[in-house]
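Novice: Here it is, the structure in full.
Values in this text are rule-based calculations from the coordinates and carry no lab data. Being a predicted model, the structure only gives us computed values, none of them experimental. Backbone-built Cβ (ideal geometry, glycine too); neighbour counts: all protein chains shown.
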Amino acid sequence: MKKHIILLSIFILFAAFAASSASDLGITDVGTLPSSRWYFFKEWGRGFERFFTFNSLKKAELELRITNEKAAEALKVQQDNPVDAPELTTAIKNYTSAAERLQARFTKLKETSENPNVAKLLEKLDEQTLKHADLLNQLAERYIGDPDFDLIANAVKDAQGKIQDVIRAAAQKEKNIEQKAKEQIKRAEAVIGELESELARISTNMTIEKQTPKKDFGDRMKAGLETAGGMLANAKTAFADGKFGEAFGLARSAEVLARNGLRIIITDIKKPTREGIDADTPRIEDKNSAMPIVPGTGGTEGKIIPEAEKRVFPETNNRQTPKAVEQKPAVTEPSSIVPAPTAPAFYEFKIEADDYGFYPESIIIVPKGSRVKIHFIARSTGIYYGGLDFRSSKFKTDTVKPGGTADVEFVADESFSFISYWPLTGVQKSSGKVVVQ
């Protein structure tokens, strides 16, 4: 029973962001499946392609592509015939074999991330193996309570173990792997601590069982926390032994488990509140809330400072809120003097970002013609170690590493969207919007 709870906890935590279709893996046509009698032709084609690929980097790229294809095949097998557990088990074992070849290729690769092409491959590998881990556990989660659950779960467990081997082999190609492993361990510690605090807070306020239709949800979440903590402890041991690639892989898995646990709590349990904001706090984009005003060239006399600004800029919370002063029309004498042009209003915002969104809000509203400055802050947790960049029709930032910042300024003449990306692969992560009124 305890083994089942641990397996279920891992599957539930990982399944929060699993791919739901082959297109999520970047594959438009899966092609022949392992369940087909003609599948061996597809494997022959892959064998020929391997034979005629000579460059070691190209070989690694090919094996990553094939591994990604086999993940998509497993998903399609389950979607086409969900009652046939043996067929799905075969597809998952095919994936494990492909991952083993991928590991071997990275082990033989002599170049490191100092080569930009290797750096790009490593980032793509990180992105895809995260999706694969999510996908595999999603497949197993669909068989919870089924007589074939153990069959699927054991196949998934072997595949997940091989993913860890791939990550360890690839991590050795990072030129600063010791530093990256140290940073990853810190990120995992922070996220696990946050998950632990959330679970303690929830259990204090009300029973978890009352907040979810799954009766044993609390047990699974706690078991998941223990699993993440165990991975982190093993990562620290590996780091102390000088096994930095292994430490990085274990710490990354620990962070993913804990981060997805937090996301489940926020999505399924804390629905009345938004992330980090009380439900009764007005949103920046609320039409009935005042515009966030920040001291600039236009000044703040006679303006009401809204609650939204207090949330975005806590350092201004101690200011006194001036009362609105009724303005009487002034009587002016005819004059030939042309009045000096008024400087446009200036608005300033701080927006934090990770791989999953913008905080505290993804939408800001400003008057047309105003000058706007946004401070983008890449969070230290919940973000790929390669960082993010931010792009729109008005600006494009350089890469912002975890914990770093980037400032942009523009004139608000029209509404537009801004998007965060993984810099090397160009994978879109989140989007926000500037609304001009």
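Novice: Between their Cα atoms, which of 175/243; 124/162; 186/401; 131/396; 180/243; 131/180 are more than 19 Å away from each other?
Specialist: 131/396; 131/180
Novice: Can you check what the net charge comes to around residue 354, using other residues whose Cβ is under 10 Å from the Cβ of residue 354 (Lys, Arg +1; Asp, Glu -1)?
Specialist: Taking every other residue near residue 354 into account, the sum is +1.
Novice: Among 33, 56, 71, whose Cα projects farthest towards the positive end of the dipole of the stretch 23-89, with charges put on the beta-carbon of Lys, Arg (+1) and Asp, Glu (-1)?
Specialist: Most positive-ward Cα: 56.
Novice: Only loop residues by DSSP count here, and only those with at most 15 other Cβ atoms within 10 Å; note down the GluC sites (Glu not before Pro) in the stretch 111-186 that meet that.
Specialist: Passing sites in the stretch 111-186 are 111, 114.
Novice: Which value, in debye to the nearest 20, gives the size of the charge dipole of the stretch 80-213 about its Cα centre, when Lys and Arg are +1 and Asp and Glu are -1 at the Cβ?
Specialist: Roughly 700 debye for the stretch 80-213.
Novice: Let me ask something else. Taking θ as phi - 60°, what are the ³J(HN,Hα) couplings along the stretch 172-182 by the Karplus curve (6.51, -1.76, 1.60), each to the nearest whole Hz, with x for Gly and Pro?
Specialist: After applying 6.51 cos²θ - 1.76 cosθ + 1.60, I find 5, 8, 6, 5, 10, 5, 4, 5, 5, 5, 4 Hz.
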